[in-house]
Amino acid sequence: MEFIIDNECFNKAISDVNRAVSLKTTFPILTGIKIIANNNGLTLVGSNSDFIIEKVIPLMIDGRKVLEVYNPGSVVISAKFLSEIVKKLPEKIHIKVNEKHLVTIQSNEIVTNLYGFDAEEYPTLPQIDENKHVTISSEDLIEAIKQTVFAVSKSEARPVLTGVNMSVKDSRLKCVATNSQRLALREVAINSNVDGTFIVPSTSLNELIKIINNEHSVLNIFFTDRYMICKSNTLSFFSRLIDGIYPNVSGLLPENSKTTITLSTNQLLKSIDRACLFASEWKNNNVHLEIMNDLKIQISSNSSEIGKIEETLNIKAITGETNLNISIDGSFLMDALKAIKEEEIRISFGGSMRPILIEPIDNLSYLHLISPVRSY
């Protein structure tokens, strides 16, 4: 195998796939990056037990030649040393690999030799049916993940709750995450010729949004029995799925409420942020909400050692009962408010010990549910 490649382009691709490489694996070959050269370009693959990243470098990028392949072939090179070497090289990089997997990396007068692994021993990528997929813009997918993934459970006691449940039906993608105390739900319109429901680990989704953040492209998503695969023109991300049955959350959503109020999203976020300074003494970061004089809501929290904070916000609209007292986890409410782009929200209350429903005004595709906490 032999090729010459632009160092900046090569370094970026190595950095992307290196996210999937673990140095703690018991399989030495998985500490490396698989490199495949052919007449169409260069493919780099990094893998761990949770996800796989595949990056393709074409011969030309934006009309500029970045790669010349002289001899096709493949090899696996230590990710740690390849990454550190390439980022320190000044010019185009010339790589040769002999039949004994000895890798020679040259840039100007700098020559480095590394011992590689036989690429045939590297795990193969999951097979997918190219005809069955979901099509979605990278922006829509990133937003759907960001507005739900924070609500997953941090406990491994129920593994299915550590992932986001992604269900595809009737050209809609629904993402749901819950830790039993809160729930986030986001729906997105998609093009799809497949239906199904899949639980994707939150760790994988957090990596996915980092790596596709600058793609600005149309993505195709494929599902197999064990993997979700997200593909753009030059990038493929394979995430293992979580086995199990996700709880049916539709019955958790309240059908009616006793009180509904409309508030400014940003004003409420800032108020809750201030209240949380005094709420850390409580196990659930208790913040107290109380409607005052019909047109204002009081937000307060207290600490026996620090003191107390109280402030009131104007309610833009209110329907139903005006007698309301409730305590909720302030950090949960902050997470929900940070994920909402709309300027105003509607909060529906079913009672002092019933979950509150948070919805952006004029956006029926996103909602958040938070259970109250005891204030004693």
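The values are calculated or read from the model by the stated rules, or taken from the named source; none is laboratory data. This is a predicted model, so every value here is computed, not measured. All Cβ positions, even for glycine, are placed from backbone atoms using ideal geometry, and neighbour counts span all protein chains on display. Surface areas here come from the heavy atoms of the whole protein model, side chains and all, with no ligands, DNA or RNA. Shrake-Rupley method; radii C 1.70, N 1.55, O 1.52, S 1.80 Å.
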- request: Find all pairs meeting these conditions: Cβ atoms under 7 angstrom apart; at least six residues apart or on different chains; first residue within region 2-21 and at positive phi and assigned to a strand (DSSP E or B); second residue open to solvent by less than 30 Å² (accessible area, probe 1.4 Å) and modelled with pLDDT of 95 or more.
  value: none
field: Candidates I221, I199, I242, I209 - the one that is modelled with pLDDT of 90 or more and either hydroxyl-bearing (S, T, Y) or in a loop (DSSP other than H, G, I, E, B) (or both)
entry: I242
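Conditions (1) open to solvent by 80 Å² or more (accessible area, probe 1.4 Å); (2) touching a residue at least 40 places away in the same chain (Cβ under 8 Å), marked per residue:
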{"residue": "I245", "(1), (2)": "yes, yes"}
{"residue": "Q267", "(1), (2)": "yes, yes"}
{"residue": "I272", "(1), (2)": "no, yes"}
{"residue": "N285", "(1), (2)": "no, yes"}
{"residue": "H288", "(1), (2)": "no, yes"}
{"residue": "M292", "(1), (2)": "no, no"}
- prompt: Just to be sure, is E99 touching a residue at least 60 places away in the same chain (Cβ under 8 Å), in a loop (DSSP other than H, G, I, E, B) and out of contact with any Phe, Trp or Tyr (no Cβ under 8 Å at 6 or more places or on another chain)?
  reply: no
Matching residues in region 342-363 - criterion: being in contact (Cβ under 8 Å) with a residue 40 or more places away in the chain, outside any strand (DSSP E or B) and open to solvent by 20 Å² or more (accessible area, probe 1.4 Å): E342, E343, G350, R354, P355, I361
message: Can you find, within region 153-173, the residue that is farthest from the chain's Cα centre (by Cα) among those that are of a type in the set (S, T, N, Q) and surrounded by fewer than 23 Cβ atoms within 10 Å (Cβ to Cβ)?
response: S171
task: For region 50-68, state whether one or more residues are under 30 Å from P201 (Cβ atoms), at pLDDT below 95 and of a type outside the set (A, V, I, L, M, F, W, C).
output: yes
Hits in region 109-132 - residues which are outside any loop (DSSP other than H, G, I, E, B), hydrophobic (A, V, I, L, M, F, W, C) and surrounded by 12 or more Cβ atoms within 10 Å (Cβ to Cβ): I110, L114, F117, A119
- line: Counting only residues that are open to solvent by 10 Å² or more (accessible area, probe 1.4 Å) and either more than 27 Å from I242 (Cβ to Cβ) or under 24 Å from the mean Cα position of the chain (by Cα) (or both), region 16-46 contains a total of 16
message: Residues that are more than 13 Å from F117 (Cα to Cα), open to solvent by less than 50 Å² (accessible area, probe 1.4 Å) and either modelled with pLDDT under 95 or aliphatic (A, V, I, L, M) (or both): does region 73-80 have at least one?
response: no
- prompt: Got a number for residues in region 174-197 being under 15 Å from the mean Cα position of the chain (by Cα) and farther than 25 Å from I328 by Cα?
  reply: 1
